[in-house]
Amino acid sequence: MRNAGLTRLSYAARMQNTFGARLRALRKQRKLTQVEAAEAIGVGRPYLSLMELDLRDGNFDIVKAAADFFGVTVDYLVYGGVSDKSGSDVPSDEAELLALWRRLSDDDKAIVLTLMESMLKRRS
């Protein structure tokens, strides 16, 4: 019984780290319907649905359009990570933060930096 629970947990964890799961999470972060996101990246809603379920892969043009629209790299969308200029992998949670950062206005970035610095000072 215990092993079955671990198997389900492992499967659930793996399913959160797929192209489709990342695509769906990005769409939901923006509070978009499948129709709205599909139109933005140039596919039909049924095709987007199949991509989110990992039942269809998008060709490069579709994946690139989705990455551009959501403000992430193709690498993040497909593999869940990005590489920095040195070629080392950046964890997917940091890649997600970077994607969100890139969508902020300059004023909002200044606020976030001030907040982060304040949090770090409190820990010291």
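The values are calculated or read from the model by the stated rules, or taken from the named source; none is laboratory data. Just so we're clear, the structure is a prediction, and the values are computed from it rather than from any experiment. Heads up, the Cβs are rebuilt from the backbone with ideal geometry, glycines too, and the neighbour counts pull from every protein chain shown.
Of all residue pairs spaced 6 or more apart or on separate chains, those with beta-carbon atoms under 6 Å, a first member in the range 15-39 that is free of Cβ contacts under 8 Å to residues at least 12 places away in the same chain and a second member that is of a type outside the set (A, V, I, L, M, F, W, C) and outside any helix (DSSP H, G or I) are Ala38/Gly44. Being of a type outside the set (A, V, I, L, M, F, W, C) and either surrounded by 14 or more Cβ atoms within 10 Å (Cβ to Cβ) or modelled with pLDDT of 90 or more (or both) is true of Asp108. Give me the pairs: first residue in the range 103-124 and of a type outside the set (Lys, Arg), second residue in a helix (DSSP H, G or I) and surrounded by 10 or more Cβ atoms within 10 Å (Cβ to Cβ), beta-carbon distance under 7 Å, and six or more apart or on different chains, which are they? Cβ pairs passing all conditions: Leu104/Val112. Among the conditions (1) crowded, with 16+ Cβ neighbours inside 10 Å; (2) touching an Asp or Glu at 6+ places or on another chain (Cβ under 7 Å); (3) at pLDDT below 80, the only one that Arg24 does not satisfy is (3).
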